[in-house]
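J.: Take a look at the following structure, please.
The values are calculated or read from the model by the stated rules, or taken from the named source; none is laboratory data. Quantities reported herein were computed from a predicted structural model and do not represent experimental measurements. In case anyone asks, the SASA skips ligands and DNA or RNA and just uses the protein heavy atoms, side chains included. Shrake-Rupley method; radii C 1.70, N 1.55, O 1.52, S 1.80 Å.
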Amino acid sequence: QVQLVESGGGLVLAGDSLRLSCAASGRTFRRYSVGWFRQASGKERTFVAGLSWSDGSTYYADSLKGRFTISRDNTKNTVYLQMNSLRPEDTAVYYCAADSRSPSLRDSRWSYWGQGTQVTVSS
């Protein structure tokens, strides 16, 4: 069983940076792939980034490559999402996810979810 708690969201200006954190419970968390998804108001939840536990491979939504970076610190059981050059269209609730399998773009493939953290980017 894995429990995830996101933090770090807030209100920022366009062009700012923000780092989200996701604290995880569980002694074997290092054997879980991790991911970030986001859901804008009135829209479906979409994949942002994923990181494979087995080989450290990272995956990003094409539109976010170069601006967002996913990383993890297994000594702290924490996953991060560094977001740079934020835009108003990045406004959404951001969710952390974990699964024992490889990362997937489909949210239905992820077993564990956090409660989400709101990111609002103002122009």
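J.: Could you tell me the accessible area of LEU20 in Å² (1.4 Å probe, neighbours in place), rounded to the nearest ten?
T.: 0
J.: In what order, largest first, do TYR59, TYR80 sit by accessible area if the probe radius is 1.4 Å? Present the calculation step by step, with values, prior to reporting the outcome.
T.: Working: TYR59 100, TYR80 30 Å².
Most to least solvent-accessible, the answer reads TYR59, TYR80.
J.: Can you put GLU89, GLU6 in order of accessible area, largest first, using a 1.4 Å probe? List each step's numbers first, then the result.
T.: On the way: GLU89 120, GLU6 10 Å².
Listed by decreasing accessible area, they come as GLU89, GLU6.
J.: What is the distance in Å between the Cα centroid of the range 1-71 and that of the range 75-123?
T.: 3
J.: Moving on. How long are the semi-axes of the ellipsoid equivalent to the range 1-100, from square roots of 5 times the Cα gyration tensor eigenvalues, in whole Å, largest first? Mind dumping the intermediate values first?
T.: Numbers: eigenvalues 103, 37, 33 Å².
Rounded to whole Å, the semi-axes are 23, 14, 13.
J.: Counting only protein chains, not ligands or nucleic acids, how are THR117, THR69, THR91 ordered by accessible area (probe 1.4 Å), most first? Don't jump to the answer; show the numbers that get you there.
T.: Working: THR117 20, THR69 70, THR91 40 Å².
The residues order as THR69, THR91, THR117, largest area first.
J.: Assuming 0.36 nm per residue, please report the length gained on full extension of the stretch ARG31 to SER104 beyond their Cα-Cα distance. Can you show the working numbers first?
T.: Working: separation 73, 0.36 × 73 = 26.28 nm, distance 1.55 nm.
That pair, ARG31 and SER104, stretches by 24.7 nm at full extension.
J.: Just to confirm, what accessible area per residue do you get for the range 1-57 at 1.4 Å probe, in whole Å²?
T.: Details: 3120 Å² over 57 residues.
Counting only protein heavy atoms, the per-residue value for the range 1-57 is 55 Å².
J.: Contour minus end-to-end for ASN84 and ASP55, with contour as 0.36 nm per residue of separation and end-to-end as the Cα-Cα distance? Numbers along the way, then the final one.
T.: Numbers: separation 29, 0.36 × 29 = 10.44 nm, distance 2.51 nm.
My answer for the length gained is 7.9 nm.
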